[in-house]
1. List pairs: first residue in region 142-154 and closer than 13 Å to residue 123 by Cα, second residue of a type in the set (Asp, Glu) anywhere in the structure, Cβ distance under 7 angstrom, at least six positions apart or on different chains.
2. Residue by residue through region 75-122, note down the ones that are farther than 19 Å from residue 56 by Cα and of a type in the set (Phe, Trp, Tyr).
3. Does any residue in region 27-38 that is in a helix (DSSP H, G or I) come within less than 7 Å, Cβ to Cβ, of a residue that is among the hydroxyl-bearing types (Ser, Thr, Tyr) six or more places away or on a different chain, and which pairs are these?
4. Out of curiosity, is residue 124 under 12 Å from the mean Cα position of the chain (by Cα) and buried (at least 23 other Cβ atoms within 10 Å of the Cβ)?
Amino acid sequence: MRPGERFDVAVVGRPRDVTAVAAVAASAMAGRSATRAALVVGVGERHAGGAGPATAPARRLRERVAARDLEARARGRIVWCAIDVGESDPSADACRAAAVGGPVVLAVCGPRDAWVEPLLEDAALVLVAGAAADPLTALAVAGLDARGLVAASVAAPDGLGAVLARIGLGGPGTWQDALPGTRSARA
């Protein structure tokens, strides 16, 4: 990651696909991180995924997020923190959540409002959830590339893979190797 980046990965696209891709990315990074847990900061959707048990590292990460007066839930190795877009400064809330340490994924599950765009610039990698052959996905990747952001398209898991990802139990796939290195500690 470059200095100033708050998020290891940002994910944009259709809300259902975004949550699944964000979950798989977070799970993959949690598995490679010294923290053994990862945070998904969700914008535009309340706590994706179903109920499930959480690992001890995820429960500790959830407590660090909650200590910053943010709502968070832990499932598997993932902590989900939903940012309320109705707040006076949702961007500051997203940055406050990202500062807790460990791998962080920004999941943009709603419209890319003006306040969201600078957050994308704070990501080491922006994933566009969608098939590479889809013209809208290709257009989104091209637009992000034109802004100088590192972007790639990725198909969302479906079926059981999507369910497992959302509850923090998603297994590694082939595209996760493109994820940036994780940080074991963050100030």
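Read the figures in this text as sums done on the coordinates, not as results from a lab. Given the structure is predicted, the values throughout are model-derived calculations rather than measurements. Neighbour counts run over all protein chains shown; Cβ positions are idealised from the backbone, glycine included.
1. Correct list of pairs: 149/121; 151/145.
2. 115
3. So the pair list comes out as 29/182; 32/182.
4. Against the criterion (under 12 Å from the mean Cα position of the chain (by Cα) and buried (at least 23 other Cβ atoms within 10 Å of the Cβ)), residue 124 does not qualify.
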